[in-house]
Amino acid sequence: MRIAWPGKTVRTTATAACLGVAALMATPSAMAQFNTDALKSMQKEGHKILEEAQAQSEAEAQKQAQMPAQARRPFRLRSNLCLDAVGDGLAVSACDGRPSQGWLLDAQRRLVAHTGQCVMGATLRQCGTSNGQLWRQDAQKRLVNDAGVCLQAQGNPPRAGARVVAAGCSGAFTQVWN
């Protein structure tokens with residue numbers, strides 16, 4: 001095998017191959033070209049992976065948004081106020097069965113609103129797998145995420161329209177969701 005080098009032809013041997021690579025690396029313009037090409041290739045691959053992940057996430061959100069209402073359930077405080085999706089946040093309102101009060105705790109443990117968005121902290125965001133989006137209902141019936149916070153209605157007692165926030169878990173009745 002031969003390596004063509006501007007103005008020279010070198011027979012390949014282990015030593016010649018090493019010298020050829022070393023010479024290539026020592027040439028700043030060749031090195032910069034190599035790095036630019038490698039970066040462009042990696043960037044294209046990264047964009048492709050990101051686009052595939054976004055398409056998959058959007059398809060999943062759309063699928064969950066189309067789930068029948070009976071698969072969703074309300075989360076109710078003892079004061080008969082329900083967890084409600086309001087804009088990109090959470091509040092409590094009189095339980096009346098409206099779609100925004102229907103929630104799905106999906107197989108990935110995400111709390112999914114009727115819009116297909118997921119609860120992260122106390123806001124609605126595109127569904128993902130961060131600790132702030134992984135929920136469970138514990139033995140005390142609190143909604144607890146893997147970041148260690150609970151959903152809590154504000155006010156003592158909370159009134160219709162009160163915001164729901166992410167707060168440190170406690171024994172407060174405003175964190176108990178039936």
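Every read-out reported here was derived from the displayed coordinates using simple, explicitly stated rules and does not represent laboratory data. Keep in mind it's a predicted model, so treat the numbers as computed, not measured. Note that each Cβ is placed from the backbone with ideal geometry, even for glycine, and that neighbours are counted across all protein chains shown.
Computed from phi, the 3J(HN,Hα) profile of the range 155-163 under the Karplus parametrisation 6.51, -1.76, 1.60 (θ = phi - 60°) reads x, 9, x, x, 10, 3, x, 5, 5 Hz, with x in place of Gly and Pro. On the beta carbon distance between A94 and Q140, with R0 = 22 Å, the FRET formula returns roughly 0.35. Among C127, L143, S100, which residue has its Cα positioned farthest towards the positive end of the charge dipole of the range 75-144, with +1 placed on the Cβ of Lys and Arg, -1 on the Cβ of Asp and Glu, and the dipole taken about the Cα centre? The residue sitting farthest along the positive end of the dipole is L143.
Distances longer than 22 Å among the Cα atoms of the range 62-178: what percent of all pairs is that? Working shown, then result.
Values: 1514 of 6786 pairs.
Result for the distance tail: 22 percent.
Note on D146, D84: ascending count of other Cβ atoms within 10 Å places them as D146, D84, the fewest first. Note on D106 and R125: the extension gain reaches 5.3 nm, defined as 0.36 nm multiplied by sequence separation minus the Cα-Cα distance. Cβ-to-Cβ counts within 10 Å put R72, R136 in ascending order as R136, R72, the fewest first.
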